[in-house]
Amino acid sequence: MTERFEFTPQEREVILSLYNLIKQNIGSSLIEGDEEKIRHYLSTYIEQNHIRRDVFGLNPMLLSFQTAQLVVEEVGLKRDAVLAVLLHPCIEDGHLTIEEVEKEFGASVARILHGLQRIQELYKKNPVIETENFRNLLLSFAEDMRVILIMIADRVNLMRQIRDTGQVNAKREVSEEAAYLYAPLAHKLGLYKLKSELEDLSLKYLEHDAYYHIKEKLSETKKNRDAYIERFIQPISERLTAAGLKFHIKGRTKSIHSIWQKMKKQKCDFEGVYDLFAIRVIIDAPLEKEKMECWQAFAIVTSMYQPNPKRLRDWLSVPKSNGYESLHITVLGPEQKWVEVQIRTERMDEIAERGVAAHWRYKGVKGESGLDEWLTNIRSMLETSDGLEAMDQFKMDLYEDEVFVFTPKGDLYKFPKGATVLDFAYHIHSKIGSACTGARINNKVVSLRQVLQSGDQVEIMTSSNQKPRQEWLNIVKTSRAKSKVRLALKETQVKEGLFAKETLERKFKNRKIELEESTMQQLIKKLGFKEVSDFYRQIADGTLDVNVVIDKYVEIQHDEQPVTGNNVAQTAADFVLDDSKISTLNAQLSDDVLVIDQGMKGVDYQLARCCQPIYGDKVFGFVTVSGGIKIHREDCPNAPELKKRFGYRVVKARWSGKGSSQYAITLRVIGNDDIGIVNNLTNIISRDERLVLRSINIDSHDGLFSGNLTIMIDDTSRLEALVKKLRTVKGVKQVDRI
């Protein structure tokens, strides 16, 4: 928790100095009464001991003055932005409200403070900031672009101040945000100087050894580098002068961060980075002669030094979409060193340096739809006389067709405007989408139809009973979700069709009716169905009664069957009732339970090998894909998964009468590896003439043995008796059925 501190004399002195400097720079833009009001609010804030040092022990009031100076000198903002920066600590501590600011200083200052507060709230959601989506969300939250410019300046200032802090973790977090978020934003806004400083300081704090290694190498080679640049420039300068061109030439050393990135990309050491600097030839030419004189200078340079044609970049003939114009060529200079030469006019250089950042953007920050063009005009707007008025009207509409939402973990996703909770669910995973029943948005329960808003935190709620529905196609907005809903609906229909078909086949078998495909097709047509899938779907949803279908099937079958000796009607006198057949039939039909009997006809069943059921075990039947039935024990290890995933294929089953067959079971026996113990086990089994030992597999290790005994046995009662006997053998530790 942060503590309150009084101002130190040094802090008071620095703030007073900054106050006078800022006043001198923006004095012309201040409105009458501004100075008195700001002094009053800040003095009251200090006197009431509202100052709370942050986690680094820094004074927030001093930080705000330092940021305000940066905003004025590096970005070019004036009154509204500076007042917002100075008043922000008062707003954060609750000493002042945005409504009071609007009343005293106007709507523009209040709007900037409102934007800063919204972004503070955004940070409280703990988002994953290392994403392009978060940068875009940040921009969309800043209705006034000055909010983003202030945040960049504030982060640069903070990075300068935390150099000697002992708060290692907090310092690392701030530095990572500077590298992933604020440096790219500064890059897009054309604030190259601030972008470069953020990158260098981030490298310094995050990779200390690499930073100082490169810095020392640059210091060691500065004298030689300067001498080399002079040797390279001199002959070019003489030739350009002789050609009658007006120009000046300057050399620029790459930033430490840029050199480090090259070292990592090219997997080389410092000495392996050949283009540590670039030479700029800047020509003073009238507009109508710009291209001609640039190409003239290009011809002079390439005639003196061998060019690398693969490294030619001609943005003179066809300027970049953002308006950047220049010629770039890499040539082989003295001592066989490659040197990059940039040729442009004063006008072109001014455009590149003034804030468009065109020259630097080609190195990795790719523009999005409308973004580059939109940001290009910001600097020029700020520098014109009506810049502040224009900025007051400047609303953030770049992402009006997109919304950005969070997962509970802070992951960020982008959706088109109008997207719903169901779109979000299907974006996460198809299974989550198909099971979606609604969501919690910002801890409030909403339906799956709820439209998403930027900044929402969405937690999807699911149910295992939920199924995709046809109307979902009207709820989702994204093409991705629509295709997934269609696929899920198709899978559901197929699954329901298979379930209905299996149910029908099982009913036919239970009633001892042979199912013929040709007769079934005839029945489906007679019932008025054009598609077989519609027939099975109505059976699945209960619209069509299975018993009615079977009765209709029997009618068709009897109508088609010719009269033969086998099916000529008998008289009542000739009929003899078979009680055993009636009891068996009734047993099989009662409660729709499959009765397992060795003499059962018309039903293809097998005992499952995974659990080896025997007479007396509690069992159930599972209808296989081929149409047969596998009998499993209720305690089979596969039973939970079968019932969960394929509940519609599970049928009740029980044994019929007294068991008359022998079944294979496997016993797992563990005990001490004593002499004769295996012989004792096999003797117990061989003594019982109704038991057959089919196989035995014994393994001995570290004084213990373990083995599997496969035995043919009648029922569970005999099994229990055998297990009891085996457990009485001396040295046996454990006997279990597998």
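The values are calculated or read from the model by the stated rules, or taken from the named source; none is laboratory data. Small disclaimer: the values here were computed from a predicted structure and weren't measured. All Cβ positions, even for glycine, are placed from backbone atoms using ideal geometry, and neighbour counts span all protein chains on display. Only protein heavy atoms, including side chains, enter the accessible area calculation; ligands, DNA and RNA are left aside. Shrake-Rupley method; radii C 1.70, N 1.55, O 1.52, S 1.80 Å.
Counting protein heavy atoms only, segment 652-705 has 45 percent of its accessible area on carbon and sulfur, 1.4 angstrom probe.
Going by the alpha-carbon gyration tensor, a ≥ b ≥ c the square roots of its eigenvalues, is segment 175-219 rounded (a/c under 1.5) or, if a/c is not under 1.5, prolate (a/b greater than b/c) versus oblate? Because a/c hits 1.5 or more and a/b fails to exceed b/c, segment 175-219 counts as oblate. Scaled to the globular estimate 2.2 N^0.38 Å, the Cα spread of segment 268-329, given as radius of gyration, is 1.31.
Judged by the mean number of other Cβ atoms found within 10 Å, the most tightly packed of the peptides 296-307, 614-625 leads the ranking 614-625, 296-307.
Which entries in LYS444/LYS477; LYS482/LYS643; LYS222/LYS291; LYS264/LYS484 show an alpha-carbon gap greater than 32 Å?
From the list (LYS444/LYS477; LYS482/LYS643; LYS222/LYS291; LYS264/LYS484), the Cα-Cα distance tops 32 Å for LYS222/LYS291; LYS264/LYS484.
Extents of segment 172-300, largest first, come to 54, 34, 22 Å (Cα atoms, principal axes, whole angstrom).
Checking the a/c ratio against 1.5 first, then a/b against b/c, what shape does the Cα gyration tensor give for segment 596-738?
Prolate is the answer for segment 596-738, as a/c is 1.5 or above and a/b outweighs b/c.
Mean silhouette area of segment 18-116, derived from the convex hull of its C-alpha atoms and averaged over all directions, reads 6.2 nm². Rounded, prolate or oblate for segment 194-242? Axes are the square roots of the Cα gyration tensor eigenvalues, ordered a ≥ b ≥ c, and the cut-off for rounded is a/c under 1.5. Since a/c reaches 1.5 but b/c is at least a/b, the shape of segment 194-242 is classed as oblate. Per-atom-type breakdown for segment 8-96 gives carbon and sulfur 49% of the accessible area (1.4 Å probe, protein chains only).
With the largest listed first and rounded to whole Å, the semi-axes of the equivalent ellipsoid of segment 673-734 from the Cα gyration tensor are 21, 12, 10. Rolling a 1.4 Å probe across the protein heavy atoms gives segment 177-242 an accessible surface of 47 Å² per residue.
Scoring 546-555, 8-17, 279-288 by mean Cβ neighbours within 10 Å over their residues and listing the highest first yields 279-288, 546-555, 8-17.
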